[in-house]
Amino acid sequence: MTRLDPIKRGDTFSLVATFDTTVQAAELRSEVRDGAGSLLDTCTITPMTDGVFQFMVNDTSGWRGTVYMDIRRTYGGITETSDTIEIPIVRAITL
């Protein structure tokens, strides 16, 4: 499991990931879930350059504690899923 640095609740979440240059955005999917497995958000996936994609959730105000995500690629009848990514959420001081 990969653990990211903490983010503040309510901030925009953004993760940039690099794949082979043949990967297309339509092949990718990523969800954010809490520890009980409940769906919190689905990431918006934006191509940046060949093989580089941004995974983003604009509003994380509903995220608490530690949340989890992974990235799934489906192509040509094959499904591959990344390692689980752990994201600690901390309370924002400035509201």
For region 64-86: of the residues being within 14 Å of the chain's Cα centre (by Cα) and among the hydroxyl-bearing types (Ser, Thr, Tyr), which is farthest from Val16 (Cα to Cα)? Thr66
Which is of a type in the set (S, T, N, Q), under 14 Å from the mean Cα position of the chain (by Cα) and on the phi < 0 side of the Ramachandran plot, of Ser14, Ser38, Ser61? Ser14
I'd like the full set of residues that are open to solvent by 40 Å² or more (accessible area, probe 1.4 Å) and touching a residue at least 24 places away in the same chain (Cβ under 8 Å), limited to region 42-62. Met48, Asp50, Gln54, Met56, Asn58, Asp59, Ser61
Go through region 9-26 and give me each residue that's open to solvent by 40 Å² or more (accessible area, probe 1.4 Å) and in contact with a strand residue (DSSP E or B) (Cβ under 6 Å, 6 or more places away or on another chain). Arg9, Ser14, Val16, Thr18
Which listed residue is over 24 Å from Tyr75 (Cα atoms) and part of a strand (DSSP E or B), from Leu15, Leu40: Leu40
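The values are calculated or read from the model by the stated rules, or taken from the named source; none is laboratory data. Note that the structure is predicted; figures quoted are calculated from it, not measured. Cβ coordinates were reconstructed from backbone atoms using ideal geometry, including for glycine residues, and neighbour counts include every protein chain displayed. Note: accessible area is taken over every heavy atom of the protein model, side chains too, but ligands, DNA and RNA are not part of it. Shrake-Rupley method; radii C 1.70, N 1.55, O 1.52, S 1.80 Å.
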